[in-house]
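**Student:** I'd like to ask some things about the structure below.
The values are calculated or read from the model by the stated rules, or taken from the named source; none is laboratory data. Given the structure is predicted, the values throughout are model-derived calculations rather than measurements. Please note: Cβ atoms are built from the backbone with ideal geometry, for glycine as well, and neighbour counts cover all protein chains shown. In case anyone asks, the SASA skips ligands and DNA or RNA and just uses the protein heavy atoms, side chains included. Shrake-Rupley method; radii C 1.70, N 1.55, O 1.52, S 1.80 Å.
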Amino acid sequence: MKKLLLLSAAVLVFAAGANAQESAGTPPQGMRGTPANLPDVSALGNITGYLSDDRADTGRNELGINEVETAFQGYIYPEMRADLILAIHKHDGKYESEICEAKASFLRLAEGLSGEMGKIHLDFGRINKLHSHHLPMADRPQVLANFFGDHELAGQGGTLKYLLPFIPFYTQVQAGFWTMAGHEHGVSADNTADVLDTSLSTVTVPALIHEDADFSPAGKVYTARLNSSFELADKTELELGLSGLKGRGAHYEEHMDNVEVTGVDLTLRLWPSAYKRLTFQNEWLHLKREVPAGTLNRDGFYSFLNYRADKYWDFGARFDYAENAWPGISYERALSGIVTRHLTETSYWRLQYKHRNLDGKNINEGWLQVSFGIGPHSHELE
Amino acid sequence: MKKLILASAALAFWAGAARAEIKVVTASSDLRYICERVGGAEVKVESLSSGDQDLHMVEPRPSMVFKLKKADMVVRVGLDLDMWMDSLINAAKNGRLFYGQPGYVDASAGVPLLEKPEGKVDASMGDIHIYGNPHYWLDPANSKIMAGNILAGLKRAAPEKAAVFDANYGAFVRELDVKLAGWEARMAKYKGLKVITYHSSWPYFARRFGLDVAGHVEPKPGIPPSASHLDGLMKKMKAENIKVILTESYYPRKGPDFLAGKTGAAVVTAAVSAGGAKDVKTYFDVFDRVIEGLEKAAGK
Ligand SMILES: [Zn+2]
């Protein structure tokens, strides 16, 4: 018994000693460092304040969390990666959770050939594939909102990308096939309409509810993109892209519409010194929408000029021109001024002012955006 | 007809010669220099960054993808300094260059690291280097390890030329040893000299030559200096009689100039990589110029 006591005491002393030794390197509770085999886990938040003098705008003059996103990223096999990006967005004043992207990437199927499968932001033009917090602006250009809807256009499917050989500059072609859920048309007893029946008497029937009045492509969607890049001079790069998309409208049951979108983008980037950068980015989109009554042809573009003055400050201006996707055509022109102050690579705050002219109606809008990232971040090619 | 045959022969020879070169893409201009020294006439080396760029913040571009696509070998600085290379290597889809493949060379392999953070790391510490300080090439002695990693890569790419590479490597190391002895002799009288540096780019350099880095213009890595931080630094410089501020050429001069104005210290602006200034053409020039600058500043 005595021996046992002694032994226990010895063990206690030893344990205490071990503890004392360890305490110097032990991080605070809840912060134990990263086991080596965890995926890269990162989270980000986007706090946005939005002001508008348009009284019809229900989301105006509010400040709050606009978006929370978590990302889990890592290798699943040599030359195979997985990215899971889950988000909660504010949409029409309500929070909705969604799988933003969930994809497996095959980095090299053959020399120059890669592929991706899953739910993916479509690689159309320069902006659609980017998550909103990576944009150099608080809102998305109007033409993208009018043709693709409020969010980045994402589909479930796959894409193949091929880096062309034997061409003396960077050229990549890609083609994808996707299915995209159309917008829901619910019926409810609370939403009714009066219609005439065959005997010409009025009856009340449940009517369609538009969960979402946005136009966007949906159904089975085919996409293709070709983009090239030219090094015009040392630290001067010109990038050209052509994009195409074919599918149906999101409210196909109602509108019976077939949709084609073509896009051209041109970006010039210059790096005059270590931290300075000048970006001139332009995107033009054309929408062709065939409805039973005829064909709608709509255009839109934006032109974005940005100057990064040093490590911390960006100054940008954007001009938007956008026609809508509906039979009653509308014309919108807008001019925005944007100032961004970077704190780190993933955190920044931003002020933006936008003057819109929608069919002659003037609207002023302003944003205060604080976006922050926690955890490791990838440095993507944009 | 004869002319045509001659022309074709010349063309074939030229094409053959062009194909025989090992195409190497490096992350930094210093790595390009070392690669050219070890590879000699057998290699054609391009660097994705120029010597006046801040390697923490290089923006990936499609033209870089194009260079990597054609390359036989890629040489990175490694650690977390050139993380921007990851997306480029992936985008190039060149099987030779993926991690662990024969054409993948991490120049930092085997370099004894300084400032390896212990325990939890987060953004409250600024833009901290999570694997340890990656500015290791600023100790010229480390270039032997870097050149050794490159030598191994080149031998994998062209084993038949191993003897040439070994000879080039030997010549590089011999020249380095001579230069290093000269630099150490010149720096001997500054052992213990206290300096302020802008970013923590200089711990390897300081350890090699016995300098004492007493503080940084940045309060934390990547964080711009605040007035109160500069004020504290100024007091420290006065109290400890610190007379030298060493700053990387790409950082703003405002903070260092303010401190120099208040304390009478001299600012040494140094290119940290080959090509970083007009008179800094090679990796060896980096040290020649920094040491010249320090001599001038400390002798004042
Ligand atoms: Zn650093």
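**Student:** Can you divide the C-alpha Rg of region A:241-282 by 2.2 N^0.38 Å and report the result to two decimal places?
**Tutor:** Values: Rg = 18.3 Å, N = 42, 2.2 N^0.38 = 9.1 Å.
Compactness ratio reported: 2.01.
**Student:** I've got another one for you. Quantify how much of the Cα-Cα distance distribution of region A:77-143 extends past 15 Å, in percent. Please list the in-between numbers first.
**Tutor:** On the way: 1436 of 2211 pairs.
Tail fraction, whole percent: 65.
**Student:** Let me have the 222 nm mean residue ellipticity of chain B computed from DSSP H runs of 4+ only, each contributing -39500 (n - 2.57), with the sum over all residues rounded to the nearest 500.
**Tutor:** Values: 10 runs with 138 residues, N = 300.
So the helix-based figure for chain B works out to -15000 deg cm²/dmol.
**Student:** Which residues, if any, in region A:299-343 have at least 40 Å² less accessible area in the whole protein complex than in the isolated chain, probe 1.4 Å?
**Tutor:** For region A:299-343, once contacts with the other chains are taken into account, A:Lys311, A:Tyr312 lose 40 Å² or more.
**Student:** At a probe size of 1.4 Å, how large is the accessible area of B:Lys194, to the nearest 10 Å²?
**Tutor:** Counting only protein heavy atoms, the figure is 70 Å².
**Student:** In a solvent-free Debye calculation with one equal scatterer on each Cα, what is log10 I(q)/I(0) for region A:229-382 at q = 0.15, 0.16 Å⁻¹, listed in the order of the q values?
**Tutor:** After summing over all Cα pairs, the log10 values are -1.02, -1.09.
**Student:** Calculate how steeply helix B:2-20 sits against the longest principal axis of the alpha-carbon atoms of chain B, using the helix alpha-carbon long axis, and give the answer as 0 to 90 degrees to the nearest 10.
**Tutor:** Long axis of B:2-20 versus the principal axis of chain B: about 40 degrees.
**Student:** Then there is this: Among DSSP bridges having both ends in the protein assembly as shown, what percentage is antiparallel? Round to the nearest 5. Don't jump to the answer; show the numbers that get you there.
**Tutor:** Working: 183 of 206 bridges.
About 90 percent, rounded to the nearest 5.
**Student:** Is the shape of the protein assembly as shown best called rounded, prolate or oblate, per the rule: a/c under 1.5 gives rounded, else a/b larger than b/c gives prolate, else oblate, with a ≥ b ≥ c the square roots of the Cα gyration tensor eigenvalues?
**Tutor:** Numbers: a/c = 1.89, a/b = 1.51, b/c = 1.25.
It is prolate, given that a/c is not under 1.5 and a/b is the larger ratio.
**Student:** Going through region B:99-200, which GluC sites (Glu not before Pro) have at most 14 other Cβ atoms within 10 Å and a DSSP loop state? Intermediate values should be presented prior to the final figure.
**Tutor:** Details: sites: B:Glu115, B:Glu118, B:Glu160, B:Glu175, B:Glu184; in loops: B:Glu115, B:Glu118.
Those satisfying the criteria are B:Glu118.
**Student:** So how much accessible area does A:Met137 have, in Å² to the nearest 10, using a 1.4 Å probe?
**Tutor:** Per-residue accessible area (A:Met137): approximately 0 Å².
**Student:** Quick one: angle between helix B:142-157 and the longest Cα principal axis of chain B, in degrees between 0 and 90, rounded to 10, please.
**Tutor:** That works out to roughly 20 degrees.
**Student:** Using a simple charge model, +1 on the beta-carbon of Lys and Arg, -1 on the beta-carbon of Asp and Glu, nothing else, what dipole does the protein assembly as shown show about its Cα centre, in debye to the nearest 20? All intermediate terms of the calculation are to be shown ahead of the outcome.
**Tutor:** On the way: 76 positive and 83 negative charges, 691 e Å.
With only Lys, Arg, Asp and Glu charged at Cβ, the dipole is about 3320 debye.
**Student:** Assuming a ≥ b ≥ c are the square roots of the Cα gyration tensor eigenvalues, decide whether region B:159-215 counts as rounded (a/c under 1.5), prolate (otherwise, with a/b larger than b/c) or oblate.
**Tutor:** Details: a/c = 5.96, a/b = 2.24, b/c = 2.65.
The shape class here is oblate.
**Student:** So, one more: If you bin every alpha carbon distance in chain B into 20 Å steps from zero, what whole percent lands in each bin?
**Tutor:** Values per bin, smallest distances first: 31, 52, 14, 2, 0.
**Student:** Counting only the heavy atoms of the protein chains, how much of A:Phe106 is accessible to a 1.4 Å probe, in Å² to the nearest 10?
**Tutor:** For A:Phe106, solvent-accessible area is about 60 Å².
**Student:** Once you have a ≥ b ≥ c as the square roots of the Cα gyration tensor eigenvalues for region B:21-180, tell me rounded if a/c is under 1.5, and otherwise prolate or oblate according to whether a/b is larger than b/c. Kindly include the intermediate steps, with their values, before the conclusion.
**Tutor:** On the way: a/c = 1.92, a/b = 1.24, b/c = 1.55.
Taking the square roots of the gyration eigenvalues as a ≥ b ≥ c, region B:21-180 is oblate.
**Student:** Given the options A:Gly182, A:Thr159, B:Gly103, identify the residue whose Cα lies farthest towards the positive end of the charge dipole of the protein assembly as shown (+1 on Cβ of Lys, Arg; -1 on Cβ of Asp, Glu).
**Tutor:** Value computed over the given set: B:Gly103.
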